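Read through the structure below, which is laid out as structure tokens, and then see the notes.
The values are calculated or read from the model by the stated rules, or taken from the named source; none is laboratory data. This structure is a prediction, so every number in the text was calculated from the model and none was measured. Cβ sites come from the backbone with ideal geometry, for glycine too, and all protein chains shown count toward neighbours.
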Amino acid sequence: MKRQFLGFDHVDTRVKSLKAVEAFYDQLMSELGLPRKRLSHVDQLGEWHSPSDDRPYNTAEYFEEASAPEVARFIGFVEDTKMVPTLTRIAFRVQAPLDAGYWQSFLGSIGAANIEPSASDDYPAIFFEDPSGTKLEICARKPSVAEPPQ
């Protein structure tokens, strides 16, 4: 049986200090259409808990709006003090055409660093880094036309 890719359920990425990037992601995720936020505590075994006095939150998850019975996709940022930024880049797709001037201004206003527009007309994008050095991009890639199943 051929499996069908249904898109991403969620992405968990590590940040060195959640407090250092939380305000940045609060604004960016809301602008990208992930306005709902949940705070959690992840222990050393990887178990998820509600935050409490003895277990403060160390994870922020940003959800899209979804109506039942849909499951909202989300992006989570988990604090890991040993985290070192990698060359892996997280890309968020927005509707074409890409308003590069708007995104450059917005990203600069929330504390993004190294903001660079793509030099390619075939791949409209804005590349940038969050305050902890994680590489990100906003792109307006057009969806490719999929081949019909055989």
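Scan the stretch 45-58 and give yes if some residue there is within 15 Å of His10 (Cβ to Cβ) and either of a type in the set (Lys, Arg) or more than 12 Å from the chain's Cα centre (by Cα) (or both), otherwise no.
yes
Please verify whether the stretch 15-31 includes one or more residues that are in a strand (DSSP E or B) and within 18 Å of Asp130 (Cα to Cα). Within the stretch 15-31, one or more residues are in a strand (DSSP E or B) and within 18 Å of Asp130 (Cα to Cα). On the given criteria, is Tyr57 at pLDDT 90 or above and assigned to a loop (DSSP other than H, G, I, E, B)? So Tyr57 fits the description; yes. Checking each residue in the stretch 64-107 for being farther than 23 Å from Phe127 by Cβ, modelled with pLDDT of 90 or more and assigned to a strand (DSSP E or B) picks out Val78, Glu79. As a summary of the residue check, Ser52 satisfies the conditions (1) assigned to a strand (DSSP E or B); (2) free of Cβ contacts under 8 Å to residues at least 12 places away in the same chain; (3) of a type in the set (S, T, N, Q) except for the one numbered (1).
Kindly establish whether Lys37 is basic (Lys, Arg), more than 15 Å from the chain's Cα centre (by Cα) and not in a helix (DSSP H, G or I). Taking the combined requirement at face value, the residue does not satisfy it.
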